[in-house]
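Asker: Input: one structure, supplied below.
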Amino acid sequence: MSVPPAPAAAITPTVHDHPASPSAQRPSWGQALRVYLEPASLRMLALGFSAGLPLLLVLGTLSFRLREAGLDRTTIGYLTWVGLAYGFKWCWAPLVDRLPIPVLTRWLGRRRSWLLLAQLTIIAGLIGMALADPRTQLTAVVWFALLVAFASATQDIALDAYRIESADTTRQGALAATYQSGYRLAMIWAGAGVLWIAARAEVAPAVAGVDAAPGVLYQQAAWSTAYLVMAASMLVGVCTVLFTREPLAVLLPVARNAGSWLRSALIEPFVDFLHRYGKHALLILALIGVYRISDIVMGVMANPFYVDMGYTKDEVAAVSKVYGLIMTLLGAFIGGALAMRLGVMRVLMLGAFLSALTNLLFAWLAGHGHDLTALIAVISADNLSSGLASAAFIAYLSSLTNVRYSATQYALFSSMMLLAPKWLAGFSGAFVDAFDYQTFFIMTACLGLPVLLLVWLATRMENTVAAAAPDPGRAPPLE
């Protein structure tokens, strides 16, 4: 599979034209849907799988594993701070954006060399997590999880730039949707797949229940097998990188000395963003920083909640990890298509509202008790809204970048999306221990209320910019 030359709009050293610009002709529904079959979209499906696989293995699935191993909820909550590696990836994004890797960059190109290095490091970290027993080697598990998170964040930096440079911006919503689809398929495998494998690999199948003591159900050999299979699954991304070509991107000038390199790699991407958006930059950054806060904070305690409610590995795998993520895929495709037809900001508002609202369903489920049918209904609503919001949000972030600094700027935006929510989520276990699950889920729904205000203000900002005189250095309105 080869990468076709990028259109001129994708290689011009200016900000992206947004697909929702009033000057652009809206595509028909048929045209909007056929874009998902283009090579760039299919490529992002495979690379999205590679990006999505590590996330649950160091966060959601790991929290299920740790709770089953007998760790208390407060400790599990604090250990989710491993995910802060994703929130600080902007710190080394300039290196990924500009620094060549000896031998690999000459062989594969700037983006693919970093992708391959990150993927091989993820494989090594997952093998370490597979072999370490959290009951006696918790420190080793944490260090290997940090290695996986760091390498996964590095892969995200290179992959986001690769995606932005692979097609013109009229297709960024579709690329975001197919990327999310691959990402979510990987989460099915890293969520349901790992639970299913661990359950099948148990010497004597354990029987879960509300009254089961923490640690009684845990079998290290079964989890070791499951994590080794996950490490092997990263070969999907490795093969995709090896059998595709580097996208045609902006030709960047070679720095003559270390000072000019640091200026172009570290300073110019941030100055460019501030120059383009001026006084509106703070509003945009605030929106980015809190848009997914209700989902991220709630998600940390989801797997311990399932364990404590007495759901078995097979039940969680089938409902939450498979069926739920299928609903997320559906939401992602709906969100991508709606973004092309209606504009990103409208879908962004809809996604923010639904994400907060569906957290209240978990509060209802916490008081309802163990009920598989109720779990299916709650997961359906929650994941559908999550997929819709994610597709619109990725398209929004992509529209903010200047292709000359795509890796650095997108890493800054996506890091800010995670930084505050991940930090706050670390206290979620302590909150549940102090109160209860029902109160916790209601609190996470309330966290989404400020997001609605910020989306509304950002929409007003876009309308103001659209009404003002054209500025060639500013991005077009998103509608």
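Quick note: the coordinates plus some simple rules give every number you see, no bench work behind them. Because the structure is a prediction, the values reported are computed rather than measured. Glycine also receives a Cβ, built like all others from the backbone with ideal geometry; neighbour counts cover every protein chain displayed.
Asker: Can you give the charge dipole size of segment 28-467 about its Cα centre, rounded to the nearest 20 debye, using +1 on the beta carbon of Lys and Arg and -1 on the beta carbon of Asp and Glu?
Answerer: For segment 28-467, the charge dipole is close to 1440 debye.
Asker: Can I ask one more? Straight distance only, please: which lysines reach the Cα of K279 with their own Cα at less than 28 Å, same-chain residues fewer than 8 apart left out?
Answerer: K89, K422
Asker: Here's another thing I want to ask about it. Taking only the Cα atoms of segment 28-467, how large is their convex hull per residue, in Å³?
Answerer: Taking only Cα atoms, segment 28-467 has a hull volume of 137 Å³ per residue.
Asker: Could I ask something else about it? Name the residue from S398, I334, A366 whose Cα lies farthest towards the positive end of the charge dipole of segment 28-467, charges +1 on Cβ of Lys and Arg and -1 on Cβ of Asp and Glu.
Answerer: The listed residue farthest towards the positive side: S398.
Asker: Under 16 Å from the Cα of K321, which lysines turn up, not counting those fewer than eight places away in the same chain?
Answerer: Hits, sequence-local ones excluded: K313.
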